[in-house]
1. Please return the ranges of helices (runs of 4 or more DSSP H) entirely within the stretch 109-198 where 1 or more residues are on the phi < 0 side of the Ramachandran plot and at pLDDT below 90.
2. Would a scan of the stretch 99-114 turn up a residue that is of a type in the set (A, V, I, L, M) and surrounded by fewer than 16 Cβ atoms within 10 Å (Cβ to Cβ)?
3. Please enumerate the residues belonging to the stretch 290-305 that are free of Cβ contacts under 8 Å to residues at least 40 places away in the same chain and of a type outside the set (V, I, T).
4. Mind checking whether some residue in the stretch 308-316 is outside any helix (DSSP H, G or I), of a type outside the set (D, E) and modelled with pLDDT of 90 or more?
5. Residues of the stretch 290-305 being of a type outside the set (K, R) and out of contact with any Phe, Trp or Tyr (no Cβ under 9 Å at 6 or more places or on another chain), which ones?
6. What number of residues within the stretch 322-342 are modelled with pLDDT of 85 or more, outside any loop (DSSP other than H, G, I, E, B) and either of a type outside the set (S, T, Y) or more than 23 Å from the chain's Cα centre (by Cα) (or both)?
7. Checking M319 against (1) in contact (Cβ under 8 Å) with a residue 12 or more places away in the chain; (2) of a type in the set (A, V, I, L, M); (3) surrounded by fewer than 16 Cβ atoms within 10 Å (Cβ to Cβ), which test does it fail?
Amino acid sequence: MLLVAVSGGIDSMCLAEKVRLEGGPFAIAHCNFGLRGEESDSDEAFVRHWADAHGIPCHVRRFETSAYAAQEGISIEMAARRLRYHWFGELCREHGYSGVAVAHNANDNAETLILNLLRGTGLKGITGMKAEGFIPDPEFADVPLYRPLLSLTREEIEAFAAENGLTWREDRTNASNDFKRNKIRNQVFPVFKEINPSFIQTLNNDMERFNEQLSEALPTEVLPSKPSGATPLRPSHCPAGSGPLPFMKPRAATGFEDNTPSGRAEYELTEEIWDGTKEVKQPTGELILDADKAGELVEGTWETGDWIRPLGAPGKKKMQDWFTDHHIPADEKPFVRLYKRADDPHHVLAIAGWCIDHSVRVTQSTTSILRISAKKL
């Protein structure tokens, strides 16, 4: 079950509605930071009412944010960030949630890039947020963090809200230019839009390219063993750069420049006993999944009707949409190797070199794993 962070604003209400419409089970977490008096309490009441109306479990916590910020000598924004992510981690560990979804969007990503550039940044600061990663809290660094709306602009989110008749709470502080982020959003971005109406998408595309180039320049990560259970499998199960360290990104359905047609890789499947204590290497192009859950696999290519639920995602995704999200050109789609469930030939369990389906993830109960590895012919 997924945990969805909901503030009551338009972004998080759209996220909650999208997850609800996809039909997967989820719970809500709402933070009352106590920074706007009755308005904060009204936000809490609004989220509680929405959750009750739809039968969604709802967790709420009130924080002494100002006192915590003064105690730690940090800004209110940083204090709120620390408090909410630590609490999200606690909820996931206590209730067994598969990860946390937050409502960051393409505009948020662009604003963060500009903020980073203005105060000075390195490589990490120009690669932007990632659609999938881990909670930025040292105690809960293994808890997955998802940003399902990251590719959507605020205009697209507003359109979705209008089409679905959603209501939400407006935070009056968003109109104030006392905060740097608001000043960029309210004063700088309108000028950018005059110069380039598509500047939000342009900046997000730039960040994606920066991340790809950085990933290609760095070695893959070797993961330590985890005696308490199955080792978190990265990077094969996550997009490039989605974890605490950047990873190399496998090229779409390729792997080696060899004598195969157009340099595309072949793959081999090997089954192994798994006790959850082994050291795992995740070289580029390899996937690991639970062999018993996968059962018999059928190797093939994309067909209309194919779908996958990417690891940790709240619901199904059509392969056509997955191709679009990952910028796979039309002439490459026939070469993307898919492994499908034998008894459900449209259910994709693995996209070679990219990701696995959530249903075949390795867990503490896994006893046998299947490796799908690129090989050089």
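1. The helices (runs of 4 or more DSSP H) meeting that bar are 123-126, 180-183.
2. Looking for residues that are of a type in the set (A, V, I, L, M) and surrounded by fewer than 16 Cβ atoms within 10 Å (Cβ to Cβ), one finds none in the stretch 99-114, hence no.
3. W302
4. Residues of the stretch 308-316 that are outside any helix (DSSP H, G or I), as a first pass: 308-316.
With the extra rule that they be of a type outside the set (D, E), the set shrinks to 308-316.
Going one step further and asking which of them are modelled with pLDDT of 90 or more, we end up with 308-309.
So far as the stretch 308-316 goes, yes, one or more of its residues are outside any helix (DSSP H, G or I), of a type outside the set (D, E) and modelled with pLDDT of 90 or more.
5. D292, G295, E296, E303, T304, G305
6. Going through the stretch 322-342 one residue at a time, the tally reaches 5.
7. (3)
The values are calculated or read from the model by the stated rules, or taken from the named source; none is laboratory data. For clarity, every value in this text was computed on a predicted model and none was experimentally measured. Every residue, glycine among them, receives a Cβ derived from its backbone with ideal geometry; neighbour counts consider all protein chains shown.
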